[in-house]
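Undergrad: So that we are looking at the same thing, I have put the structure below in structure tokens.
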Amino acid sequence: MEWKKLLSQELMGGTTEQEDEMLTSIPVNPFEQDYLKLVSWAAYRRLQDKTQVFPLAKSDFVRTRLTHSMEVSTIAKQLGIMCFQSSDKSKYSRRPLDEDEKDAPEAGDLLAERSVSIPAILACAGLLHDLGNPPFGHAGEDIIGQWFKENLDTLSDPATGKSLRELFARKQTYVKDLEKFEGNAQALRILCKARYNSEINLHQATVSAMIKYPTFSDQTDGSDAAPACRHKPGCYQAEKEPFRQLVDALGTVDGEGAAARHPLAYLVEAADDIAYRTADLEDAVKSGVISVGELAAFLEQTAGSLALAYCNGVTNVKELKALAGDPAALAERARAEDWQEKPIPKDKFGQMPPIFYTQKLVNYLSELDAREDDKTRAMSEWVVEVRRWLMYVASFRFYHSYGKIMRGEYPGDLFDGTFHELTVVVLKQAMKRFVYGSRVIVEPEVSAQTILSFLLDKFVPAMIAWGTEAKMTAQQKKLKDLISPNHLADFRKATDDIWKAVDAAGQEGREKAIRDHAPDLVYQSILIATDFISGMTDGYARSLYRRMSGID
């Protein structure tokens with residue numbers, strides 16, 4: 001990959017004459033202009049009423065998707081500075097120049113420009129990374145995907161009478177798109193549609209840096225052996241063409257020509273991991289789900305057991321990660337012998353193994369808990385320290401894996417093979433133990449199941465009927481009127497060629513032409529329904545459900 005392409009200043013939807021005149025009149029980096037557009041965009045601002053992990057709580061302290069995205073943006077920008085802005089203090093910085101640019105007379109100017117562009121791109125991508133998430137957090141994603149798994153056999157196409165699963169028999173990518181509904185892919189869809197509606201038109205580099213999974217739903221592989229960028233879908237078939245155009249324009253391909261992550265996407269992913277793995281625990285403490293003392297005790301026990309398992313011969317990091325998720329097995333491997341009198345084993349570079357660096361961070365939380373009367377302050381101080389270390393090791397890994405990253409060959413995340421590779425695992429186990437199964441989380445998720453299923457039950461059949469020109473019930477017509485005209489216009493744009501073919505068939509052949517194109521029409525119709533529902537805020541989804549069900 002080449003930086004001259006990766007930092008493309010071309011806009012997703014092309015450059016308009018009006019924009020050129022305006023933008024050339026102010027000396028602001030193009031990607032800083034993207035940031036200005038984003039913070040004023042309604043689709044971004046709606047994240048203030050979407051759940052991060054804890055349902056929109058009475059406490060103003062608990063993060064929403066908006067405040068989480070702001071934190072990710074800030075961390076991502078800082079990582080960009082750490083990794084690319086050279087200085088005497090910058091231990092792990094790279095010069096973002098291509099081979100043919102390194103000795104060029106303009107190399108200094110290019111470095112100066114890119115040292116500004118890269119952090120700005122990362123700040124924008126951080127704001128965008130959760131744009132496509134539906135109401136009620138990740139539970140909303142699971143509910144939508146599960147609804148389609150359960151209903152594709154019972155829903156039918158009015159034009160052919162076939163069940164949707166039967167209708168899509170030769171279009172399995174459509175089935176997988178619906179059953180694997182994914183906020184990452186939805187974010188790209190929103191941006192691809194927005195450029196046509198003149199809502200927002202971002203630069204190609206900004207959008208590419210946001211794409212965590214440059215993969216279609218029929219190409220995903222969630223196994224540990226698969227590269228991390230293939231674990232989930234990041235693009236629906238509906239956006240296949242603009243996605244391919246983006247890949248070709250920026251040259252984000254691996255050695256075999258397959259779509260690969262933009263190098264900056266690794267830093268966005270790291271920023272997201274750093275933000276949520278620390279903030280979610282801080283919110284748990286603030287919400288009263290867990291005390292600082294309880295958290296410290298759990299982390300000490302887990303990290304201590306992993307350290308003991310290491311001293312007892314479990315030196316493979318993958319094995320330690322597996323043990324962290326299996327308390328019974330971990331307890332078994334951690335009690336084999338008393339190693340307290342033995343020296344801590346060092347690696348070939350004279351460094352302690354990663355688990356002992358994790359222990360140092362965990363011990364610091366216990367110290368803060370004992371020292372500080374204000375437990376919220378103690379937790380906040382610890383979060384700052386954890387983030388500082390995780391940012392450091394992420395920049396370390398980016399520096400040392402730079403060649404593989406630029407070739408599209410790096411398979412993992414930026415914590416792999418670092419001092420704190422196990423720290424992120426231990427933090428995740430704490431969330432599993434205390435948060436994900438708590439009543440504070442579970443009860444609203446049950447409510448979300450009811451709300452989203454109800455809305456899907458109503459809007460998906462209505463949009464299928466509308467999109468295939470079938471006879472609509474009076475209620476379906478009213479449901480169609482609730483959907484934004486922009487969404488309906490998106491459908492017409494996406495199916496323009498199909499309707500031209502239908503019109504060419506004449507009145508007598510119209511019904512047959514619609515039946516022939518039914519799979520594509522139904523797929524696009526359903527996407528309009530999921531666009532509408534997934535774009536709702538938590539509050540609007542709940543309010544609409546109550547009004548439609550007669551509660552209010």
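The values are calculated or read from the model by the stated rules, or taken from the named source; none is laboratory data. Note that the structure is predicted; figures quoted are calculated from it, not measured. As a convention, Cβ positions derive from the backbone with ideal geometry for all residues, glycine included, and neighbour counts pool all protein chains shown.
Undergrad: Condition first: under 30 Å from S305 (Cα atoms) and surrounded by fewer than 19 Cβ atoms within 10 Å (Cβ to Cβ). Now tell me which residues in the range 441-452 satisfy that.
TA: V442
Undergrad: Kindly evaluate A249 against the criterion of being in the same structural domain as H203 (by TED's automatic domain parsing), touching a residue at least 12 places away in the same chain (Cβ under 8 Å), in a helix (DSSP H, G or I) and more than 19 Å from the chain's Cα centre (by Cα). First the steps, then the outcome.
TA: Working: in the same structural domain as H203 (by TED's automatic domain parsing): yes; touching a residue at least 12 places away in the same chain (Cβ under 8 Å): yes; in a helix (DSSP H, G or I): yes; more than 19 Å from the chain's Cα centre (by Cα): yes.
So A249 fits the description; yes.
Undergrad: Now for a separate question. With the checklist (1) at pLDDT below 95; (2) under 27 Å from the mean Cα position of the chain (by Cα); (3) closer than 29 Å to L521 by Cα in hand, flag the one item R170 doesn't pass.
TA: The one condition R170 does not meet is (2).
Undergrad: Moving on. Inspect all residues belonging to the range 163-184 and state whether any of them is surrounded by fewer than 24 Cβ atoms within 10 Å (Cβ to Cβ) and in contact with a Cys (Cβ under 9 Å, 6 or more places away or on another chain).
TA: yes
Undergrad: Can you pull out every residue in the range 414-425 that is within 13 Å of L306 (Cα to Cα), aliphatic (A, V, I, L, M) and within 21 Å of the chain's Cα centre (by Cα)?
TA: V425
Undergrad: Here is a follow-up. Any residue at all in the range 224-236 that's in contact with a strand residue (DSSP E or B) (Cβ under 9 Å, 6 or more places away or on another chain), among the basic types (K, R) and modelled with pLDDT under 95?
TA: no
Undergrad: Turning to a different aspect of this structure: Taking the condition of being buried (at least 20 other Cβ atoms within 10 Å of the Cβ) and touching a helix residue (DSSP H, G or I) at 6+ places or on another chain (Cβ under 6 Å), how many residues in the range 218-233 meet it?
TA: Matching residues across the range 218-233 total 1.
Undergrad: I'd like to know if the range 155-171 contains one or more residues that are within 23 Å of A125 (Cβ to Cβ) and in contact with a Pro (Cβ under 7 Å, 6 or more places away or on another chain).
TA: No: zero hits.
Undergrad: Just checking, which of I121, I200 is at pLDDT 95 or above, β-branched (V, I, T) and under 26 Å from the mean Cα position of the chain (by Cα)? Outline the logic, then answer.
TA: Numbers: I200 fails: at pLDDT 95 or above.
So the residue among I121, I200 that is at pLDDT 95 or above, β-branched (V, I, T) and under 26 Å from the mean Cα position of the chain (by Cα) is I121.
Undergrad: Looking only at the range 246-267, count every residue that is touching a Lys or Arg at 6+ places or on another chain (Cβ under 7 Å) and under 15 Å from N184 (Cα atoms) and tell me the total.
TA: 1
Table: residues versus (1) among the small types (G, A, S); (2) more than 30 Å from E332 (Cβ to Cβ); (3) buried (at least 23 other Cβ atoms within 10 Å of the Cβ).
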{"site": "Y213", "(1), (2), (3)": "no, yes, yes"}
{"site": "C235", "(1), (2), (3)": "no, yes, yes"}
{"site": "P242", "(1), (2), (3)": "no, yes, no"}
{"site": "D273", "(1), (2), (3)": "no, no, no"}
{"site": "V289", "(1), (2), (3)": "no, no, no"}
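Undergrad: Continuing with the same structure: Of everything in the range 495-552 that's of a type in the set (S, T, N, Q) and farther than 26 Å from E239 by Cα, which residue is modelled with the highest pLDDT? Please lay out each step first, then the result.
TA: Step one: of the range 495-552, the residues of a type in the set (S, T, N, Q) are 495, 507, 524-525, 530, 534, 537, 543, 549.
Restricting the remaining residues to those that are farther than 26 Å from E239 by Cα gives 507, 543, 549.
Numbers: Q507: 86, S543: 94, S549: 90.
By that ranking, first place goes to S543.
Undergrad: Kindly indicate which of A187, A205 is surrounded by 22 or more Cβ atoms within 10 Å (Cβ to Cβ), in contact with a Ser or Thr (Cβ under 6 Å, 6 or more places away or on another chain) and among the aliphatic types (A, V, I, L, M). Steps first, answer last, please.
TA: Details: A187 fails: in contact with a Ser or Thr (Cβ under 6 Å, 6 or more places away or on another chain).
The unique qualifying residue is A205.
Undergrad: When both residues are 6+ apart or on different chains and their Cβ atoms are under 7 Å apart, which pairs have a first residue that lies in the range 480-494 and is not assigned by TED's automatic domain parsing to the domain that holds I190, and a second that is assigned to a helix (DSSP H, G or I) and small (G, A, S)?
TA: K480/A462; F491/G467; F491/S525; A494/A238
Undergrad: Give me the pairs, please: first residue somewhere in the range 288-302 and in contact (Cβ under 8 Å) with a residue 24 or more places away in the chain, second residue anywhere and of a type in the set (G, A, S) and surrounded by fewer than 17 Cβ atoms within 10 Å (Cβ to Cβ), beta-carbon distance under 6 Å, and either six or more positions apart or on two chains.
TA: Hits for this filter: V289/S438.
Undergrad: Separate question: Collect the residues in the range 190-202 that are crowded, with 19+ Cβ neighbours inside 10 Å and outside any helix (DSSP H, G or I), keeping them in residue-number order.
TA: Once the filter is applied, which keeps residues that are crowded, with 19+ Cβ neighbours inside 10 Å and outside any helix (DSSP H, G or I), the range 190-202 yields I200, N201, L202.
Undergrad: Something else: Scan the range 456-480 for residues that are of a type in the set (K, R), part of a helix (DSSP H, G or I) and more than 16 Å from D490 (Cα to Cα) and jot them down.
TA: K458, K477, K478
Undergrad: Among the numbered criteria (1) at pLDDT 80 or above; (2) out of contact with any helix residue (DSSP H, G or I) (no Cβ under 9 Å at 6 or more places or on another chain), which one does T24 miss?
TA: (1)
Undergrad: Another one. Might you check whether a residue that is modelled with pLDDT under 95, more than 33 Å from the chain's Cα centre (by Cα), surrounded by fewer than 21 Cβ atoms within 10 Å (Cβ to Cβ) and not basic (K, R) occurs anywhere in the range 454-471?
TA: Yes, the range 454-471 contains a residue that is modelled with pLDDT under 95, more than 33 Å from the chain's Cα centre (by Cα), surrounded by fewer than 21 Cβ atoms within 10 Å (Cβ to Cβ) and not basic (K, R).
Undergrad: Next up: Could you identify the single residue in L482, L427, L488 that is aliphatic (A, V, I, L, M) and closer than 30 Å to A328 by Cα?
TA: Answer to the selection: L427.
Undergrad: Same structure again: For the range 135-167, how many residues meet the condition of being at pLDDT below 95, in a loop (DSSP other than H, G, I, E, B) and closer than 24 Å to D221 by Cβ?
TA: Residues that pass the stated criteria total 0.
Undergrad: What is the one condition in (1) among the polar types (S, T, N, Q); (2) at pLDDT below 95; (3) buried (at least 17 other Cβ atoms within 10 Å of the Cβ); (4) part of a helix (DSSP H, G or I) that S93 does not satisfy?
TA: Checking S93 against (1) among the polar types (S, T, N, Q); (2) at pLDDT below 95; (3) buried (at least 17 other Cβ atoms within 10 Å of the Cβ); (4) part of a helix (DSSP H, G or I), the one that fails is (4).
Undergrad: Considering only the range 112-145, state which residues are over 15 Å from V268 (Cβ atoms), crowded, with 21+ Cβ neighbours inside 10 Å and β-branched (V, I, T).
TA: Listed by number, the residues that qualify are I143, I144.
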